[in-house]
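Data block below; observations after.
The values are calculated or read from the model by the stated rules, or taken from the named source; none is laboratory data. Remember, predicted model here, so these are calculated numbers, not experimental data. Virtual Cβ from ideal backbone geometry, glycine too; neighbours counted across all protein chains shown. Calculation scope for accessible area: heavy atoms of the full protein, side chains included, ligands and nucleic acids excluded. Shrake-Rupley method; radii C 1.70, N 1.55, O 1.52, S 1.80 Å.
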Amino acid sequence: MPKAAIVADKLNKWFGVGEARTYAVKEVSFEANWGEMLYIVGPSGSGKTTLLSMISGILRPNSGSVAIDGRDLWSQSDDEIADFRLNTIGFVFQDYHLFPRLTTAENVAIPLILQKRNWGDALSTAAQCLKIVDLADKAQLPPTKLSGGEQQRVAIARAIVHQPAILVFDEPTASLDGDTGRKIVSFVKAEILTSKRCIILVTHDSRIFEYSDRIMEMEDGRITGFQQGQTV
Amino acid sequence: MKQILILAYKLLVNDKGKYFALLVGTTFSVFLIVQMTSSFAGILTKASATVINIGANIWVMDPAATNSVLSNVPMPDYVLDAVRSINGVKYAVPLYSGTALVKLHDGTYQAVSVIGLDDSSLVGRPKLLEGDIDDIFAENGFIVVKDEEFPKLENPKIGTEFELNDYRGVIVGIATVPTGGLYGTPTLYTTYYRAITYIPSMRFTISYVLVQPKADSDIPYIKQQVARLGYLALTNHEYQDAISSYLEYKTSIGTNTLLMTIISFLVGLSICGQTFYTFIIENLEHFGALKAMGAKGRELVYVILFQAGFTALVGYGLGVGLSTLLITAAKLRLPEYTSRLTYTNLSLAFLMVLIIASISGYAGVRRVLKIEPFEIFRG
């Protein structure tokens with residue numbers, strides 16, 4: 001296993017053409033390592049989410065490359081990239097995007113369902129993941145019956161249920177109060193991050209900086225610096 | 001594939017409000033389509049009642065009168081002899097078909113259809129419920145058909161006398177036939193000779209010549225020879241088709257049925273299309289999330305097509321069931337209710353519901369394929 005989980009090299013993403021061209025991400029290069037919890041921080045519009053989308057196989061860069069575990073991501077076909085997302089990435093969206101018409105357990109099982117795992121096995125694995133996030137007793141409830149913090153933990157369970165190597169969190173504490181946010185992130189750091197996993201977390205919530213291993217600062221689409229997280 | 005279809009099923013049926021609205025739209029549409037086309041099928045069948053009930057293989061007639069059995073143009077006697085002389089004809093007999101007025105005991109008159117069967121063979125005779133077929137040869141003997149119009153003759157019994165065009169008539173038998181008539185008149189069977197005697201006729205009296213070919217392979221030749229005589233020979237099915245064709249294309253019944261069927265289709269399409277599209281729009285971010293998590297575009301298409309198809313099938317089943325229930329209940333209460341479920345109208349309704357599902361699904365598929373997972377990240 002290469003030491004670097006993610007290697008981004010001279011990534012560029014722009015929108016518009018000609019004089020209207022606007023760079024969302026410009027000449028961004030960085031590495032994220034296995035066992036590392038890397039934060040991407042910066043003000044709104046700094047290109048954090050665009051960068052996260054490019055390294056997780058959702059948004060194709062205009063130029064530059066992304067290598068995941070030594071394999072070039074964007075040289076693959078659309079179907080291969082979809083498979084890569086399904087098998088390698090666990091997503092925790094800012095708004096959770098849980099399905100209100102499914103039970104909590106069914107929500108957690110979705111990546112396994114997409115992997116064409118047997119429905120019963122998928123639910124059983126989902127139930128185990130709900131134990132990890134301490135929501136075993138809420139497995140049969142719809143997410144709408146859960147609090148914001150509980151919904152966030154369901155989203156985390158869904159992100160880890162298929163054992164992905166890379167987890168991406170987009171503003172995970174944006175909808176949570178300070179205490180809940182800290183609890184969630186400390187839980188992720190303690191229970192989810194392993195030496196064979198890399199977590200990329202986009203945030204501008206300084207209350208959770210203490211849990212990062214490294215912080216990458218961005219502004220106007222460029223990296224402006226790195227800091228060791230524990231020292232912030 | 002099975003797993004993602006289970007997911008599609010749960011996403012659909014767990015949204016009870018939308019699913020109910022989709023089912024109501026589809027069911028209502030199928031119900032209307034089946035009702036309209038069944039009524040029309042019933043009308044077509046009843047319009048051909050005499051052809052079905054007599055059951056002859058070949059009907060020879062004046063080519064100018066193929067619209068209905070009642071609107072026949074009488075043919076001269078030599079046609080019967082000429083047809084009998086055609087190679088391949090096993091036998092040929094005359095048939096009289098006309099209308100008359102029966103004077104009821106209360107002094108009122110009731111129109112009746114009178115079928116005059118060939119005196120020597122009684123080809124086309126109905127199945128008797130009461131009486132003896134030989135009694136049709138008795139003086140003034142008539143057989144009455146016990147169908148939905150039977151009570152209009154004051155529920156006659158064997159021996160009941162009546163007056164028909166100032167002639168005395170006696171009921172000598174009560175019969176049943178496969179199909180009741182369309183025109184709401186009771187039917188009386190008698191002999192050909194008595195029919196043309198009792199009912200005022202033009203110079204010619206044979207309404208139809210009924211032909212039994214020696215073999216089916218003789219039919220084309222018989223038709224050809226009849227055509228050389230200046231007349232028309234149609235097989236049983238061809239004659240029924242001709243009557244149906246007249247009702248479908250040359251009366252307002254077919255046009256009105258078609259219009260109502262199209263309106264039913266449009267009602268179903270608008271309810272289902274709009275509801276399904278709203279369902280997709282409301283779930284668009286979830287489809288985007290699925291796509292972000294690794295679902296392929298074609299898998300999302302399967303999800304939508306399954307949801308549209310499943311709704312269509314359930315709605316079709318409910319619509320057909322509801323129609324069947326209503327037709328059955330109506331026939332129990334109203335014996336003359338003209339409606340008939342056929343494979344053709346069930347297939348038509350199925351085709352239309354598939355079109356509704358396809359159009360509704362297509363609109364959803366377009367939206368879902370356009371959504372970018374990046375939009376989910378951006379919120």
Task: When residues of segment B:288-299 are limited to those that are open to solvent by 10 Å² or more (accessible area, probe 1.4 Å) and more than 7 Å from every other protein chain (Cβ to nearest Cβ), the one farthest from A:F169 (Cα to Cα) - done: B:R298
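Among residues belonging to segment A:152-165 that are away from chain B (no Cβ under 12 Å) and surrounded by fewer than 23 Cβ atoms within 10 Å (Cβ to Cβ), point out the one that is modelled with the highest pLDDT.
First pass over segment A:152-165, keeping only residues away from chain B (no Cβ under 12 Å): A:152-154, A:156-157, A:160, A:163, A:165.
Going one step further and asking which of them are surrounded by fewer than 23 Cβ atoms within 10 Å (Cβ to Cβ), we end up with A:160, A:163, A:165.
Details: A:I160: 89, A:Q163: 89, A:A165: 92.
Looking at residues that are away from chain B (no Cβ under 12 Å) and surrounded by fewer than 23 Cβ atoms within 10 Å (Cβ to Cβ), I get A:A165.
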Open item on the list: Take the residues in segment B:221-270 that are within 17 Å of the chain's Cα centre (by Cα) and not in a helix (DSSP H, G or I); name whichever of them is farthest from B:V83 (Cα to Cα).
Closed with: B:T251
- [ ] Identify the single condition in (1) buried (at least 20 other Cβ atoms within 10 Å of the Cβ); (2) touching a residue at least 24 places away in the same chain (Cβ under 8 Å); (3) more than 9 Å from chain B (Cβ to nearest Cβ); (4) not hydroxyl-bearing (S, T, Y) that A:I89 does not satisfy, given that it satisfies every other one.
- [x] (3)
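If you check B:G116 against the conditions, is it in contact with a strand residue (DSSP E or B) (Cβ under 9 Å, 6 or more places away or on another chain), open to solvent by less than 30 Å² (accessible area, probe 1.4 Å) and either farther than 11 Å from B:R194 by Cβ or in the same structural domain as B:I174 (by TED's automatic domain parsing) (or both)?
Numbers: in contact with a strand residue (DSSP E or B) (Cβ under 9 Å, 6 or more places away or on another chain): yes; open to solvent by less than 30 Å² (accessible area, probe 1.4 Å): yes; either farther than 11 Å from B:R194 by Cβ or in the same structural domain as B:I174 (by TED's automatic domain parsing) (or both): yes.
Yes.
Residue by residue, here is whether (1) open to solvent by less than 50 Å² (accessible area, probe 1.4 Å); (2) modelled with pLDDT of 90 or more; (3) more than 14 Å from chain A (Cβ to nearest Cβ); (4) under 18 Å from B:L22 (Cβ atoms) holds:
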{"position": "B:K331", "(1), (2), (3), (4)": "no, no, yes, no"}
{"position": "B:L334", "(1), (2), (3), (4)": "no, no, yes, no"}
{"position": "B:T338", "(1), (2), (3), (4)": "yes, no, yes, no"}
{"position": "B:N345", "(1), (2), (3), (4)": "yes, no, yes, no"}
{"position": "B:G364", "(1), (2), (3), (4)": "yes, no, yes, yes"}
{"position": "B:E372", "(1), (2), (3), (4)": "no, no, no, no"}
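Among the candidates A:D121, A:D134, which residue alone is more than 13 Å from chain B (Cβ to nearest Cβ) and open to solvent by 30 Å² or more (accessible area, probe 1.4 Å)?
Going through A:D121, A:D134 in turn, just one is more than 13 Å from chain B (Cβ to nearest Cβ) and open to solvent by 30 Å² or more (accessible area, probe 1.4 Å): A:D134.
Which of the residues belonging to segment B:133-150 are open to solvent by 70 Å² or more (accessible area, probe 1.4 Å) and more than 24 Å from B:S68 (Cβ to Cβ)? Quick ask: steps written out before the conclusion?
If we filter segment B:133-150 for residues that are open to solvent by 70 Å² or more (accessible area, probe 1.4 Å), which is where we start, we get B:134, B:137, B:139, B:146.
Across segment B:133-150, the qualifying residues are B:D134, B:F137, B:E139.
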Open item on the list: Tell me whether segment B:83-92 contains one or more residues that are assigned to a strand (DSSP E or B), open to solvent by less than 20 Å² (accessible area, probe 1.4 Å), under 28 Å from B:A215 (Cβ atoms) and assigned by TED's automatic domain parsing to the domain that holds B:G169.
Closed with: yes
Open item on the list: Anything in segment B:205-230 that is of a type outside the set (F, W, Y) and open to solvent by less than 10 Å² (accessible area, probe 1.4 Å)? List them, or say none.
Closed with: B:I206, B:S207, B:V209, B:L210, B:V211, B:P213, B:I222, B:V226
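Just to be sure before I move on: is B:A65 surrounded by fewer than 24 Cβ atoms within 10 Å (Cβ to Cβ), farther than 30 Å from A:T103 by Cα and out of contact with any Phe, Trp or Tyr (no Cβ under 8 Å at 6 or more places or on another chain) in the structure I sent?
Numbers: surrounded by fewer than 24 Cβ atoms within 10 Å (Cβ to Cβ): yes; farther than 30 Å from A:T103 by Cα: yes; out of contact with any Phe, Trp or Tyr (no Cβ under 8 Å at 6 or more places or on another chain): yes.
Yes.
Based on this model, can you work out whether B:V24 counts as away from every other protein chain (no Cβ under 14 Å) and under 30 Å from the mean Cα position of the chain (by Cα)?
Working: away from every other protein chain (no Cβ under 14 Å): yes; under 30 Å from the mean Cα position of the chain (by Cα): yes.
Taking the combined requirement at face value, the residue satisfies it.
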Task: Counted residues, segment A:61-81 - those being free of Cβ contacts under 8 Å to residues at least 24 places away in the same chain and surrounded by 14 or more Cβ atoms within 10 Å (Cβ to Cβ) - done: 3
Task: Identity of the residue in segment A:2-28, β-branched (V, I, T) and farther than 15 Å from A:L52 by Cα, that ends up least open to solvent (accessible area, probe 1.4 Å) - done: A:T22
TODO: Taking only segment B:300-328 into account, find how many residues are open to solvent by 20 Å² or more (accessible area, probe 1.4 Å), aliphatic (A, V, I, L, M) and within 18 Å of the chain's Cα centre (by Cα).
DONE: 3
Open item on the list: Could you tell me how many of the residues in segment B:25-52 are modelled with pLDDT of 90 or more and open to solvent by 30 Å² or more (accessible area, probe 1.4 Å)?
Closed with: 2
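Return yes when B:K157 is open to solvent by 20 Å² or more (accessible area, probe 1.4 Å), outside the structural domain of B:L332 (by TED's automatic domain parsing), touching a Ser or Thr at 6+ places or on another chain (Cβ under 9 Å) and of a type in the set (K, R) and no when it is not.
Numbers: open to solvent by 20 Å² or more (accessible area, probe 1.4 Å): yes; outside the structural domain of B:L332 (by TED's automatic domain parsing): yes; touching a Ser or Thr at 6+ places or on another chain (Cβ under 9 Å): no; of a type in the set (K, R): yes.
Answer is no for this residue.
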TODO: Look at B:K291 and say whether it is out of contact with any helix residue (DSSP H, G or I) (no Cβ under 9 Å at 6 or more places or on another chain) and of a type outside the set (V, I, T).
DONE: no
